[in-house]
Amino acid sequence: GNLLPGSALIGSALMYFNEDHFEAAGVTEPPATLAGIREAAEAIAASGVTDTSGNPVTAPFVLKLDPWMMEFLLTGNSSPIIGSSNGRGGVPVESAFDNETTRELLTWVQEMHADGLLLAIPDSPGALDHYLAMATQAASFSIETSSAATSIAAFLAGEDLGNTGGVEVPEGDAADAANQLSIGASRFPGMVDGGLSQMGGAAIYLTNEGSAAEQAAGWEFIKFLNEPEQQQTMLLTGSYLPFVPAAMDLPDVADFTSNDTAGTWLGLSWEQVQEMDADFPGPQMGPYTDVRDVMRAGLDDLILGGADLDDVVTTT
């Protein structure tokens, strides 16, 4: 009676940071909490580090206002966003967003932005402005999905990213500057010490709507995707962690996670996946897109539109 995916594209989230900015500001360890992010941002802003145009970095932490980011932070802190035990104890019929933990998180984002320490990027399809801020050193660190690891590494190496959603990527001197960046990655931060990540990615299902031949072909394709060799390809070229753990034991994967820049980042992400709380993996709900649309609008209103926190939390 359970609906299970035949395969999945798996990821977690990581913090990406400018190692030179951290060193110049005396930040010896990547921040692991919200308080640590503020402390690092304050230290960098006070250090006098500059972007590629020589302008002082005043808003070191850049964050795309993506609803999944808030969801991950809340899940990592064992805080639900919907009722019925975050949808795991039955069909949820109400929001659980209005709580002390959510208010604490949104207040932190609001105050970081108000104090000029956070560069807020609206969430839109193909938005790369937070990457561009890192590439031009206008910002020093950010949080993003681990499934962006190979793209970030390619971007910083000046490689062609293909369709960027209309966003201009650095060329010429800006591209050369990006190539000189020293970017590191660390664990997804918690709201407090010990915070975990949440599983991200996409599930692949086989439906019963097609003909018998189409369903059989779909099953063959799912089996193909789950072969360790295909799982390896999706990891090495697409940053998706394997749905079949045996793929991590393949020689090329071991070499990738040990010696490649993006590979070491993804190895860290894989560790986080193993540590996730099986009793609190994240919300389960049908209208996922609708819920995230509401969360996205609330974030935009709060951070970019100056809306009242109480109004945003109670409406969401």
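The values are calculated or read from the model by the stated rules, or taken from the named source; none is laboratory data. A quick note: this is a predicted structure, and the numbers were derived from the prediction, not measured. FYI the Cβ positions are ideal-geometry reconstructions off the backbone, even for glycines, and counts take in every protein chain you see. Just so you know, the surface numbers come from the protein's heavy atoms only, side chains and all, with ligands and any DNA or RNA stripped out. Shrake-Rupley method; radii C 1.70, N 1.55, O 1.52, S 1.80 Å.
Taking 0.36 nm per residue of separation and subtracting the Cα-Cα distance, full extension of the segment from V244 to E104 would add 46.7 nm. From the largest down, segment 40-90 spans 55, 18, 10 angstrom on the principal axes of its Cα atoms.
With 0.36 nm allotted per residue and the present C-alpha distance subtracted, the D115-A202 stretch has 27.7 nm of extension available. Only Cα pairs under 8 Å and 6+ residues apart enter the sum, and on that basis the relative contact order of segment 1-135 stands at 23 percent.
Working from Cα pairs under 8 Å separated by at least six residues, relative contact order for the chain is 31 percent. Can you tally the net charge around H130? Count Lys and Arg as +1, Asp and Glu as -1, for every other residue whose Cβ sits under 9 Å from the Cβ of H130. Residues near H130 contribute -1 overall. Each peptide in 86-97, 13-24 was scored by the mean count of other Cβ atoms within 10 Å over its residues; highest first, the order is 13-24, 86-97.
The Cα-based radius of gyration of segment 235-280, divided by its Kirkwood radius, gives an Rg/Rh of 0.99. Compactness of segment 29-121, taken as the C-alpha radius of gyration over 2.2 N^0.38 Å, stands at 1.34. Among 66-77, 140-151, sorting by the average number of other beta carbon atoms lying within 10 angstrom of each residue, highest first, gives 140-151, 66-77.
Per-residue SASA remark: F224, around 90 Å² accessible (1.4 Å probe; ligands, DNA and RNA not included). For segment 61-115, the Cα-based Rg and Dmax, in that order, read 12.6, 41 Å. Let me know the volume per residue of the alpha-carbon convex hull for the chain, in Å³. Hull volume over Cα atoms, normalised by residue count, gives 148 Å³. The tail of the calculated P(r) for segment 261-316 beyond 13 Å holds 71 percent of all Cα-Cα pairs. A Förster radius of 41 Å combined with the Cβ-Cβ distance from R88 to T28 puts the calculated FRET efficiency at roughly 0.55. Could you check the simple spin-label distance between D255 and S53, using points 7 Å along Cα→Cβ, in nm with one decimal? My value for the distance between the label points is 4.3 nm. For segment 210-316, the fraction of alpha-carbon pairs lying more than 19 Å apart is 65 percent, rounded to a whole number.
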